[in-house]
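Scroll down for the structure; my scribbles are underneath it.
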């Protein structure tokens, strides 16, 4: 029994140190001590393990290296039936959205493109097409689609569309356009990932001090974030700290 208590104590101390380093609320340490050893386990899954996810939920899907199996659901078959009967842009867009959720990007691209062809003003279809092309690794094509969407609505999806455009530029190697678009995002929306990549691009073109200032700005902006937002952005805050440390700068 003693060995389990020792392991529990070591684990709790490790989590307490992590809590202090992350500057989490002091109540977590109280919980870990009072609810020993369950409190430390709760902290691990609620805070430490959760923060490992890269920047929280990603609006634009990561490229999928493997094609997904073609498994038709009742929903997709119903939508296909409606398309065959009515040929409406709305149904193409809905089917594309289902395929996008399933990461069946090639199928999603076809449906969204049909929706755009039938209704060029359908912003949801353009956005879905851009995200599907991004997921398929077609970053240049995705950027072209999102450019057109931004012309229609610069703030579409609360800024996620123009942020996605900046990401596509960066991943396509169009770094000057990426910098310009990230700057636009930073001026209007509080996306820490945009702050970070803008700083890295500044560093890449030799503007070291400007990059350092950008990372400091990112960290400074995090000080007054509510807890839910802080957790979402924690990855990029930690990456900014790493960048500064690599450049010989330690912040208190």
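Side notes on the structure shown:
- Residue list for the range 222-240, filter: crowded, with 16+ Cβ neighbours inside 10 Å and part of a helix (DSSP H, G or I): 230, 231, 232, 233, 234, 235, 236, 237, 239, 240
The rows are residues; the columns are (1) over 22 Å from residue 192 (Cβ atoms); (2) crowded, with 19+ Cβ neighbours inside 10 Å.
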position: 140; (1), (2): yes, no
position: 146; (1), (2): no, yes
position: 149; (1), (2): yes, yes
position: 157; (1), (2): no, no
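- Qualifying residues in the range 205-215 (those that are over 24 Å from residue 59 (Cβ atoms) and touching a helix residue (DSSP H, G or I) at 6+ places or on another chain (Cβ under 7 Å)) - the one surrounded by the fewest Cβ atoms within 10 Å (Cβ to Cβ): 210
- Tally, over the range 225-249, of residues that are out of contact with any helix residue (DSSP H, G or I) (no Cβ under 9 Å at 6 or more places or on another chain) and over 24 Å from residue 210 (Cβ atoms): 4
- When we screen 243, 192 for residues that are touching a residue at least 40 places away in the same chain (Cβ under 8 Å) and over 15 Å from the mean Cα position of the chain (by Cα), the only hit is 243.
- The lone exception for residue 212 - which of (1) free of Cβ contacts under 8 Å to residues at least 12 places away in the same chain; (2) outside any loop (DSSP other than H, G, I, E, B) it fails: (1)
- Residue count for the range 98-130 satisfying the condition of being surrounded by 21 or more Cβ atoms within 10 Å (Cβ to Cβ), under 22 Å from residue 73 (Cα atoms) and touching a helix residue (DSSP H, G or I) at 6+ places or on another chain (Cβ under 8 Å): 11.
FYI, it's all coordinate maths here, none of it is from the lab. None of these values were measured; they are calculated from a predicted model. Using ideal geometry, Cβ is built from the backbone for each residue, glycine included, and neighbour counts are taken over all protein chains shown.
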